[in-house]
1. Quick one: in segment 3-58, of everything that is aliphatic (A, V, I, L, M) and in contact (Cβ under 8 Å) with a residue 24 or more places away in the chain, which residue is nearest to T77 (Cα to Cα)?
2. Looking only at segment 12-61, which residues are closer than 14 Å to V80 by Cα, aliphatic (A, V, I, L, M) and modelled with pLDDT of 90 or more?
3. Please go through segment 17-51 and give me each residue that is surrounded by 10 or more Cβ atoms within 10 Å (Cβ to Cβ) and either in a helix (DSSP H, G or I) or in contact with an Asp or Glu (Cβ under 8 Å, 6 or more places away or on another chain) (or both), ordered by number.
4. Any residue in segment 77-89 that is assigned to a helix (DSSP H, G or I) and in contact with a Leu (Cβ under 8 Å, 6 or more places away or on another chain)?
Amino acid sequence: MVQRRNKIGRVKQKIQYDKNTKLVTFSEGDYIYLKEMTVGVGKSKKFRSKWRGPYLITRRFSDFNYQIQIKPGKCTTFNVNRMKKCHRLPGKVKDIKKKASVTPERDFRR
């Protein structure tokens, strides 16, 4: 009797979980942001950025595990639940920052 109720409970929980989830897939060559899960001792979580990157996906092992190039020559495997798609390429981000920093000087002392 207990095993039957336990099985019914698991089925109900799976149905509820599947209502709010969707499968996110990436392909090789995509750029992603990686969620920072830990904060060092003595550092404030409040002022830290939660996302690091963008990083390049070098290999896909399954729908859930991907190999990410952290540095040139260093690759590490991460789960998809720590990834977010990067919609701007890294080279274009640098160009935008350069354009934003070139603003005409104004005299605000009036």
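1. Residues of segment 3-58 aliphatic (A, V, I, L, M): 8, 11, 15, 23-24, 32, 34, 37, 39, 41, 56-57.
After this cut, where a residue has to be in contact (Cβ under 8 Å) with a residue 24 or more places away in the chain as well, the list is 23-24, 32, 34, 37, 56-57.
Working: L23: 18, V24: 16, I32: 13, L34: 11, M37: 15, L56: 12, I57: 10 Å.
This residue is I57.
2. Correct list: I32, L34, L56, I57.
3. Result: T25, R48, K50, W51.
4. Of all residues in segment 77-89, those assigned to a helix (DSSP H, G or I) come to 80-82.
Keeping just the survivors that are in contact with a Leu (Cβ under 8 Å, 6 or more places away or on another chain) gives 82.
Yes - at least one qualifying residue is present in segment 77-89.
The values are calculated or read from the model by the stated rules, or taken from the named source; none is laboratory data. Just so we're clear, the structure is a prediction, and the values are computed from it rather than from any experiment. Here Cβ is always computed from backbone atoms with ideal geometry, including for glycine, and neighbour counts include all displayed protein chains.
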